[in-house]
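Throughout, read-outs are computed from the coordinates displayed, never taken from laboratory work. Quick caveat, the model's predicted, so the values are computed rather than measured. Positions of Cβ are generated from backbone atoms using ideal geometry, with glycine treated the same way; all protein chains shown enter the neighbour counts.
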């Protein structure tokens, strides 16, 4: 679509204002002065393709979005800026959001070039009223997790590679270095769809939980174009709900109970049963040896390994399911804190989060594979391939070696 300088400037201004950015803030992100931004927005100054590319990235857009006939003023990054007025001051987090959206836009372009259809991947959504209390949030999260497991036919068994499951549901996933207090974030964009990013700095078990937590936001909070899961917001009702979803989704109550009972643990030491034959009842009592049903830390280690969780998460789970008392929980937690749990896990060869290697980044691998395929088909240039490789931290030397070994050059 052909635009005048004034029309393009007006769209740039609308995109900036939708992100609640000042001209000076946009200038910092785009490497331009406040005066230059003002002149561009007013149509008094032309904008080069390189400058427009930097401006588009600063507001989380694809450069082509400025030239479509029906310009959309608000998008995922704008929603984040509007929900958090202080976000513009958090340069490291803004950069992650910008990088993630840029990668998503480029991935979408590659899929279109290669005629890959993702329309059939429809992500589910559950419409519930906003929780009124923390207890309400917990009940909602657990209920939706149970329903989602049923919808996916998972039963009560452990979930394998969680990122693969989410990708099959139309959710892009990525592993990115985020600020320490951010466990993950969810982006919902009209162009790239749903994109979940988790913190590469966190331990594998925590990343797995964060992935399930963000999936909870995807299913339950779709009306929000973006969510940032921060440690300081963990008591917010939507965060409580997503945490409850993740706990039930990864460690379903029935599955946990079955696992514990299979080891002869978790039940009462004394059981009474009355067998009635329509005339009279026969009383039967079963007594277990004192302490024989008490859950030990090695049971917790096996449980955590089975479901791909951390031992501390498994501890809280069995406490919340009332499989252990508060006193037992405190005893086991103290043992775990002293390092005994790790020693036991090493002895049993039962590491945390064994079901998948979340240090890998499936998004990055798929992104590079699609870029190579587009290059092989001559849909993109060598220069464009190098730009895409740089976006996922692949060095020019590594790219040259790869192309040489595959004979794509």
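A few remarks follow.
- Projected label points at residue 135 and residue 114, each 7 Å from Cα along the beta carbon direction, are separated by 5.2 nanometres.
- Here each label is just a point 7 Å from Cα along the line to Cβ, and for residue 391 and residue 2 those points are 3.0 nm apart.
- With a Förster radius of 56 Å applied to the C-beta separation of residue 376 and residue 275, the computed FRET efficiency comes to 0.15.
- Nearest 10 degrees, 0 to 90: helix 362-376 Cα axis against the chain principal axis: 40 degrees
- For the chain, a Gaussian network of Cα nodes joined below 10 Å ranks 171, 300, 261 by mean-square fluctuation, and the top entry is 261.
- Note on the chain: GNM, Cα springs under 10 Å; of 16, 322, 311, the largest mean-square fluctuation is that of 322.
- Within a Gaussian network of the chain (alpha carbon springs, distance under 10 Å), most fluctuating of 11, 382, 172: 382
- Segment residue 180-residue 298, extension gain: residue separation times 0.36 nm, minus the distance between their alpha carbons: 39.5 nm
- Over region 89-235, the pair-distance histogram of Cα-Cα distances with 5 Å bins from zero comes to 2, 8, 18, 22, 21, 16, 10, 3, 1, 0 percent, rounded to whole numbers.
- Placing R0 at 56 angstrom, the Cβ-Cβ distance between residue 338 and residue 22 gives a FRET efficiency of 0.60 after rounding to 0.05.
- Here region 118-157 and region 16-67 have alpha carbon centers that stand 39 Å from each other.
- In the chain, helical runs assigned H by DSSP with n ≥ 4 each contribute -39500 (n - 2.57); averaged across all residues and rounded to the nearest 500, the mean residue ellipticity at 222 nm is -16500 deg cm²/dmol.
- A prolate overall shape is assigned to the chain, the ratio a/c of its alpha-carbon gyration tensor axes (a ≥ b ≥ c) being 1.5 or greater and a/b exceeding b/c.
- Shape of region 5-113, Cα gyration tensor, a/c cut at 1.5: oblate
- Here the gap between residue 254 and residue 223, fully extended at 0.36 nm per residue and compared with their Cα-Cα distance, gives a gain of 8.1 nm.
- Difference of contour (0.36 nm per residue) and Cα-Cα distance, residue 349 to residue 36: 106.6 nm
- When only Cα pairs below 8 angstrom with a gap of at least 6 residues are kept, the chain shows a relative contact order of 14 percent.
- Simple label model, 7 Å out from Cα along Cβ direction - residue 156 to residue 92, nm: 4.3 nm
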